[in-house]
Amino acid sequence: MKKNACHLCQKEISHIDHTDISFLAGFLNNQNEIKKQKKTGLCAQHQRKVTRAIKRARSLGLLPYIAGHDQG
C-alpha cells in the first residue's frame, strides 16, 4: 500500500506560524488534544513543527490546554 504524501510538503510550506489559530485548530480534536500523526497525515518533520506551534500558542494563551466543560 502506498503512503499518502504530506499535504504541507505538497504545498511546500516550511514555516508554521503559532499565531495562525484557525490553521492550528485543525490539528486538535474536540477535547483540544493534538491529533496523532496517523490522523493528520503529516510527515514527521511537519508533525513536530505543528506540535511545537500548538504548544507555543497554548503558552501565549491563544489556544486552550483543555476543552471547556459545563458549569452545572
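Tabulated data
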quantity	calculated
Lys pairs, the chain - Cα-Cα below 18 angstrom, 8 or more residues apart or on other chains	13
Charge dipole (debye, nearest 20) of the chain; +1 at Cβ of Lys and Arg, -1 at Cβ of Asp and Glu	460 debye
Separation in nanometres of the label points that stand 7 Å from Cα toward Cβ, at S14 and A44	2.1 nm
Where labels lie 7 Å past Cα in the beta-carbon direction, separation of S22 and H7 in nm	1.5 nm
Principal semi-axes in Å for the chain [√(5λ), Cα gyration tensor, largest first]	25, 15, 8
Heavy-atom accessible area per residue - the chain, 1.4 Å, Å²	78 Å²
Trypsin sites (Lys or Arg not before Pro) restricted to region 1-36 and DSSP loop, no more than 15 other C-beta within 10 Å	K2, K3, K11, K36
Rounded percent of accessible protein surface that carbon and sulfur make up, the chain, 1.4 Å probe	50 percent
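The values are calculated or read from the model by the stated rules, or taken from the named source; none is laboratory data. Computed from a prediction, not measured in an experiment: that's the story for all the values here. Here Cβ is always computed from backbone atoms with ideal geometry, including for glycine, and neighbour counts include all displayed protein chains. Surface areas here come from the heavy atoms of the whole protein model, side chains and all, with no ligands, DNA or RNA. Shrake-Rupley method; radii C 1.70, N 1.55, O 1.52, S 1.80 Å.
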